[in-house]
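Read through the structure below, which is laid out as structure tokens, and then see the notes.
The values are calculated or read from the model by the stated rules, or taken from the named source; none is laboratory data. Not measured: the values here are computed from a predicted model. FYI the Cβ positions are ideal-geometry reconstructions off the backbone, even for glycines, and counts take in every protein chain you see.
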Amino acid sequence: MKKKILVHGTPDTLQKFFADAVSRDYELVGVLSDENFLIQGLEVLAPKAVPPFVYRIIDAIIFTSTTDIRDFQFFIKRGLPPRKIIPWDARQGWRSFSMTDKAGAQIIFFCGLEFHIRDDEDKKFFQSIYLRLQRQRRFKNINPKNYPAVLAQEFQLRTGKTLDFKNLRTLTEKMQWLKIFDATPLKTRLADKFLVRSWVADKIGEQYLIPLLGVWDDFDDIDFDALPDQFVLKCNHGSGMNIIVRDKKNFDVTRAREKINALLAIDYASHCFELHYSKIKRKILAEKFFSNGDLPDLIDYKFICFDGKIIYCQYLTERSTELKLNYFDENWQATDVERSDHPRSAHPEKIPRPKNFELMKKIAATLAEGFIFVRVDLYEIDGRVYFGEMTFIPGAGYFSYSSEGTDEYLGSLLKLPAIDPPPEAL
């Protein structure tokens, strides 16, 4: 749902804001200025003429001509929370401003979000959200017809390799094509960590789903008293958007609220042009917490499939320290395939075959049926198999293999269909 906003500025800055594609994200309630003029047929109101209750019912005021906290004080004194103040300018896009709380700690306000900076981890998280939302604005301003050219530039910047959409050979090159020309509604549904559950239940049975403890649109609707002592919070519209709660007594709800609300503001498609993420209706899920004995992380079994056929099974361990990524064939024989960013274990041949490997292969092949390329993620926990997720563009295709010829071999297995027209504007 679009945010209801007031926009404040001068004739020049307001015109620039309304010309910015990011304004599509908002529903305009009114235009404020200390100058008398008309803009796009809209009457401009003086801030003093607006009743104070209006500031309590709107989602934000976007300021297009100032980033000075002293200029915001008028609205704060009239009941507008600082997090509802959003500075913007035509050159840099979204801006942030900061205040200090009663204890002298820094609070940063940015795009309607509030970040309490307690330590370096908080600072790093804010910086990552800042960069993502700035990138999101630029992404929304790109004409979809220019996606291939812009994506080619991105690919070269991230990998150092050229990308020619008329001559795609490797798997990572062809993944870029899939991002913008194969972003189907079904992929959107299956990338949604909530909606995929019903699809998986229909395909293989709900007994393979990790138990769902709740689903919400708003963090403040979550009743944490009703949740168990251990659980996992996650957003449904992207990757790596999880909070693992191992002990609810030590769970920092305020910190979690800041993080989840920031993640909900992200259009994950803007991160790496994976367009099938863009139309996901964002939600918060709570799932049952699982563990693999004394190991700090769950062991992932990720099945790489082409046209429903399993080629490799990835085995991931040591996420909390130094991630190890091993590739096994369909007979659980270790291969020499290796990614440049994640080394193999020292002795992959000693890694035990999962007890339910045959069942896992059957499940992965069933879920992969009908897709020219997909990775199906599964877990084996306490002797049972559980579904993880469907991933259509692993690593956004921005990685490389240290094993010679692997990218080319896997690319030969991915048969791209005839090109469709460029995607519609988001």
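Right, Gly9: small (Gly, Ala, Ser) and within 23 Å of Phe110 (Cβ to Cβ) or not?
yes
Restricting to segment 374-400, count the residues that are assigned to a loop (DSSP other than H, G, I, E, B) and under 22 Å from Asp202 (Cβ atoms).
Count: 1.
Please verify whether segment 119-137 includes one or more residues that are within 21 Å of Ile86 (Cα to Cα) and outside any helix (DSSP H, G or I).
The answer is no; no qualifying residue exists.
State yes or no: is Ile76 free of Cβ contacts under 8 Å to residues at least 40 places away in the same chain and surrounded by fewer than 18 Cβ atoms within 10 Å (Cβ to Cβ)?
yes
List the number of the failed condition for Asn167; all other conditions in (1) under 18 Å from the mean Cα position of the chain (by Cα); (2) of a type outside the set (Asp, Glu); (3) within 21 Å of Gly405 (Cβ to Cβ); (4) not in a helix (DSSP H, G or I) hold.
Answer for Asn167: the failing condition is (1).
Is there a residue being touching an Asp or Glu at 6+ places or on another chain (Cβ under 8 Å), of a type in the set (Lys, Arg), closer than 19 Å to Ile244 by Cβ and without any contact (Cβ under 8 Å) to a residue 60 or more places away in the chain anywhere in segment 350-373?
no
Of the conditions (1) within 16 Å of Phe126 (Cα to Cα); (2) in contact with a Leu (Cβ under 8 Å, 6 or more places away or on another chain); (3) among the charged types (D, E, K, R), Lys259 clears all except one; give me its number.
Among (1) within 16 Å of Phe126 (Cα to Cα); (2) in contact with a Leu (Cβ under 8 Å, 6 or more places away or on another chain); (3) among the charged types (D, E, K, R), the lone unmet condition for Lys259 is (2).
(1) loosely packed, with under 14 Cβ neighbours inside 10 Å; (2) under 29 Å from the mean Cα position of the chain (by Cα): which one isn't true of Arg353, the others all being true?
With (1) loosely packed, with under 14 Cβ neighbours inside 10 Å; (2) under 29 Å from the mean Cα position of the chain (by Cα) applied to Arg353, the lone miss is (2).
Which residues, taken from segment 299-314, are more than 16 Å from Ser239 (Cα to Cα) and at pLDDT below 95?
Ile299
On the basis of being farther than 20 Å from Leu316 by Cα, out of contact with any helix residue (DSSP H, G or I) (no Cβ under 8 Å at 6 or more places or on another chain), without any contact (Cβ under 8 Å) to a residue 60 or more places away in the chain and not acidic (Asp, Glu), does Ala346 make the cut?
When the stated conditions are applied, Ala346 does not pass them.
Can you confirm whether Thr406 is surrounded by 18 or more Cβ atoms within 10 Å (Cβ to Cβ), polar (S, T, N, Q) and modelled with pLDDT of 95 or more?
yes
Output the qualifying pairs, or none if there are none: Cβ atoms under 7 angstrom, residues six or more apart or on different chains, first residue in segment 19-45 and outside the structural domain of Phe75 (by TED's automatic domain parsing), second residue surrounded by 15 or more Cβ atoms within 10 Å (Cβ to Cβ).
Between residues of segment 19-45 that are outside the structural domain of Phe75 (by TED's automatic domain parsing) and residues that are surrounded by 15 or more Cβ atoms within 10 Å (Cβ to Cβ), there is no close pair.
Considering each of Tyr130, Tyr208 in turn, give the residue that is without any contact (Cβ under 8 Å) to a residue 60 or more places away in the chain and crowded, with 17+ Cβ neighbours inside 10 Å.
Going through Tyr130, Tyr208 in turn, just one is without any contact (Cβ under 8 Å) to a residue 60 or more places away in the chain and crowded, with 17+ Cβ neighbours inside 10 Å: Tyr130.
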